[in-house]
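Working notes, beginning with the structure itself.
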Amino acid sequence: MSKYDFDDLYSDYDYEDRSRAARRQRSRPKNKRKGNGRTSPIMANIHKMDDSQESWVPSYAAALDPLHHERHWVIASVAPFYRDSLITDVTRLVKGGKEANVYACAAHPATGMALLAAKLYRPRMLRHLKNDAIYKAGRQLRGEDGKQIKGRRVKLALRKKTNFGKHVDIMWWINNEYSVQKKLYAAGADVPEPIAHAGNTILMDFIGDEYGPAPTLSEISLEPDETQPLFQRVLDNVQLMLNHHYIHGDLSAYNILYWDGDIILIDFPQMVEARHNPHAFELLQRDITRVCEYFARFGVKADPVELTQDLWQPYMGRNY
Ligand code: ATP
Ligand code: MN
């Protein structure tokens, strides 16, 4: 491997780039570098940090034991947003999942927002991504500039699952989530506004208030008069996404938030492109089925197979 330079692929992926430590590491001859040089860069940056380097410690991290790895992980992950005057603090852990933790942040006044949510992917998230082949089928690797990544080296690394390959893979999912969410937000979909992303982290509008995050649909019961309109609203979003060639791929009452009488769809890393993924139809049908199952609890009668056809056939008619 000629050069272990991830910046080619994801230019914003280097929290520590400007630090002296990073420059020292780079100028050192490759064969003198510590270890085999193949540590995940996310972990490498975390290990490099000690308290003396932390010029900014958000209040959530300050409350953690200095030796707790989450402390350094949080600080390193959100530092770019602090430097860019997007956030001023991380106040609490909203939810810790298998793949990612979501934290509530105080927004910088310049953003015009009060709270932001930071979604931090775990370095090892891919181990937990179930059945990801179905989502990857037909995907095209794209770099930060949106251009397809073609390098033989990258493809080989992905196939051989080297650490570099795994890194590209993780960055692909996160990049995918951010860019899709941006497009959908711009198209008027009910999704949290994405604000920025850096490395393993996506910063977006926080749905909820200072007392806590919005509940997911799975956590609440709907009132009779809001059930049908909200069901329609979810379907309208599914349709809007499909018009942009996207299928959520993991839609369910767990990935829909409820706030102020409205619904907001979240969690897009596994989003698939309807034009390229051979499992597109089956994923669409599964999404719609899960939505129907939830709303059926509150009396909505709908046939998911028919609803899927009603969306899919006109879509295919327009595009093929
Ligand atoms: P899980 O494995 O629990 O599904 P995940 O890794 O898939 O987690 P998300 O579903 O995106 O990640 O987010 C996890 C949880 O964090 C959500 O269920 C929701 O409660 C909360 N959350 C995510 N994004 C936001 C947001 N923008 N505003 C408020 N809360 C959010
Ligand atoms: Mn989720």
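The values are calculated or read from the model by the stated rules, or taken from the named source; none is laboratory data. Here the structure is a predicted model, which is why all the values come from computation and not from measurement. Cβ placement follows ideal geometry from the backbone for every residue including glycine, while neighbour counts extend to all protein chains displayed. The accessibility values were calculated without ligands, DNA or RNA, using every heavy atom of the protein model including side chains. Shrake-Rupley method; radii C 1.70, N 1.55, O 1.52, S 1.80 Å.
See the values below:
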{"read-out": "Unmet criterion (only one of (1) at pLDDT below 95; (2) polar (S, T, N, Q); (3) part of a helix (DSSP H, G or I)) for Gln270", "value": "(3)"}
{"read-out": "Helices (runs of 4 or more DSSP H) (entirely within segment 23-92) containing at least 1 residues that are over 21 Å from Tyr121 (Cβ atoms) and modelled with pLDDT of 95 or more", "value": "59-62"}
{"read-out": "Hey, Glu219 away from ligand 1 (no atom under 11 Å from the Cβ) and without any contact (Cβ under 8 Å) to a residue 40 or more places away in the chain or not", "value": "no"}
{"read-out": "Test: Gln181 is open to solvent by less than 30 Å² (accessible area, probe 1.4 Å) and either among the polar types (S, T, N, Q) or assigned to a strand (DSSP E or B) (or both)", "value": "yes"}
{"read-out": "Residue pairs meeting the criteria (Cβ under 6 Å; at least 6 apart or on separate chains; first modelled with pLDDT of 95 or more and more than 6 Å from ligand 1 (Cβ to nearest atom), in segment 194-209; second among the polar types (S, T, N, Q) and not in a strand (DSSP E or B))", "value": "Pro194/Gln181; Thr201/Ser77"}
{"read-out": "Yes/no for Asp250 being in contact with an Asp or Glu (Cβ under 9 Å, 6 or more places away or on another chain), within 16 Å of ligand 2 (Cβ to nearest atom) and under 17 Å from Lys183 (Cβ atoms)", "value": "no"}
{"read-out": "Residue match in segment 150-170 (condition: more than 16 Å from ligand 2 (Cβ to nearest atom), outside the structural domain of Trp259 (by TED's automatic domain parsing) and either within 24 Å of Asn237 (Cβ to Cβ) or modelled with pLDDT of 80 or more (or both))", "value": "no"}
{"read-out": "Hey, Ser179 more than 16 Å from ligand 2 (Cβ to nearest atom) and either assigned by TED's automatic domain parsing to the domain that holds Pro278 or touching a strand residue (DSSP E or B) at 6+ places or on another chain (Cβ under 7 Å) (or both) or not", "value": "no"}
{"read-out": "Test: residue in segment 177-187 that is more than 25 Å from Gly138 (Cα to Cα) and in contact (Cβ under 8 Å) with a residue 12 or more places away in the chain", "value": "no"}
{"read-out": "Evaluation of Ala196 against (1) over 22 Å from Val305 (Cβ atoms); (2) over 16 Å from the mean Cα position of the chain (by Cα); (3) surrounded by 15 or more Cβ atoms within 10 Å (Cβ to Cβ) (one fails), failing number", "value": "(2)"}
